[in-house]
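Structure, as structure tokens:
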Amino acid sequence: MHRRHFLNTLALGAGILLPVGRSAWAVSTPANPTRKKLVVVMLRGAVDGLNVVAPVGDANYRRLRPTIGLAAPGADGGALALDGYFGLHPALASLQPLWQARKLAFVHASGSPDPTRSHFDAQDYMESATPGRKNTPDGWMNRLVAALPGPQSPSRLLGIGPVLPRILSGRAAAVNLPNVAGAARADLLDRPAVKAAFDELYDGHPRFGRAYAEGRAAHREVMGALESHEMQAADRGAPLPNGFPDDAARLAGLMRNDPNIQLAFVALGGWDTHANQGAAGGQLANRLMPLGQGLAVLADRLGPLFDDTVVVVMSEFGRTARENGNGGTDHGHGNVMWVMGGTVRGGKVYGDWEGVADEKLNEGRDLPVTTDFRSVLAQISEEHLMLGDKRLEQVFPAMPQKRAGFRIVGA
């Protein structure tokens, strides 16, 4: 086995990504470089943004969705009032306090300009931030962590999920932890005999020694923070019982206990609602409720750290404006991005909204994309993480010249 392939296998077994390029160790020294945080939650399967933030003030909405459309606020099964035109899905009631505190905003009719309706391709483009380009070698969060000022600690970029996702892959170091129950399991290199053998093999190695040492240090650091958080949670009672709320509580504890963690990513599946989607209740509502609860838990458990954190929720594309014959929706185009945090200019639905009249729909069936998702991410990177223009171009190399016509973060 070639050494590079061997190291890749080792990294996957240990839940880490080892850097092999010089750029992974680039260092700058501003004060407290990891204070500003970014958490990205990706909803794989294309969530129905038109029922997450529903245009209940547009008569065309209920015409297009006679059985799955949400009723107006105040009606039985109605949406939660946002601004008199848009309403929030009632399963997301746990997020209402954040909206009212102006710590939560939405960007409607947003997404990737690429027209693909393939989950695989659309997710790849959103994770690489290069729509239409399949040969991009790395993910935009990996490029972002490499471009940010300060020492490149291996635990600075964290993923929670079964495997290291595309968005975190690249030359910079990243750490990946399993979801919920598997998160505290020891890995292969935690076995003493195996660890001793690898330590001897890579101790002082001129090419790979530092990468190995940094990767193992990151693993110890994150697992130590996890153990500390688990003890704190036991002192205050068990974390929320299932799924994302539990992962969100764990992530908040990790971020509080390890100040080196600056960027984090979580992916959640199950949003491909082709049939029996439901309106105020049903399949979509059953998925939205723990998602909203988890986001509320994350904000609460971060405590004062939430003031320096921005959370972005995005999905590869939206769903058709019209419901289908199975009581669901099919693959669409434009969607809604969620943005929450201490520096978010919340309490507002942003974007160039054109309505859902037939003549306004993309290809006569979907929301158009009037705000490129990269313009939102670029603004957050620039205004919140203080990334300069030249480095912004490195993170989003295919970024169109048009910037978002609104300011969603900042004082």
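No value in this document is a laboratory result; all are computed from the given coordinates. If you're wondering where the values come from, they're calculated on a predicted model, not measured in any experiment. Glycine also receives a Cβ, built like all others from the backbone with ideal geometry; neighbour counts cover every protein chain displayed.
Yes or no, residue by residue, for (1) touching a strand residue (DSSP E or B) at 6+ places or on another chain (Cβ under 6 Å); (2) free of Cβ contacts under 8 Å to residues at least 24 places away in the same chain; (3) not acidic (Asp, Glu):
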{"site": "LEU298", "(1), (2), (3)": "no, no, yes"}
{"site": "THR309", "(1), (2), (3)": "yes, no, yes"}
{"site": "GLU323", "(1), (2), (3)": "no, no, no"}
{"site": "THR329", "(1), (2), (3)": "yes, no, yes"}
{"site": "HIS333", "(1), (2), (3)": "yes, no, yes"}
{"site": "ARG345", "(1), (2), (3)": "no, no, yes"}
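Here's the yes/no breakdown for (1) within 30 Å of ALA172 (Cβ to Cβ); (2) surrounded by fewer than 16 Cβ atoms within 10 Å (Cβ to Cβ); (3) in contact with a Phe, Trp or Tyr (Cβ under 7 Å, 6 or more places away or on another chain); (4) of a type in the set (Phe, Trp, Tyr):
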position	(1), (2), (3), (4)
GLY325	no, yes, no, no
THR329	no, no, no, no
MET337	yes, no, yes, no
ALA357	no, yes, no, no
VAL369	yes, no, no, no
GLN379	yes, no, no, no
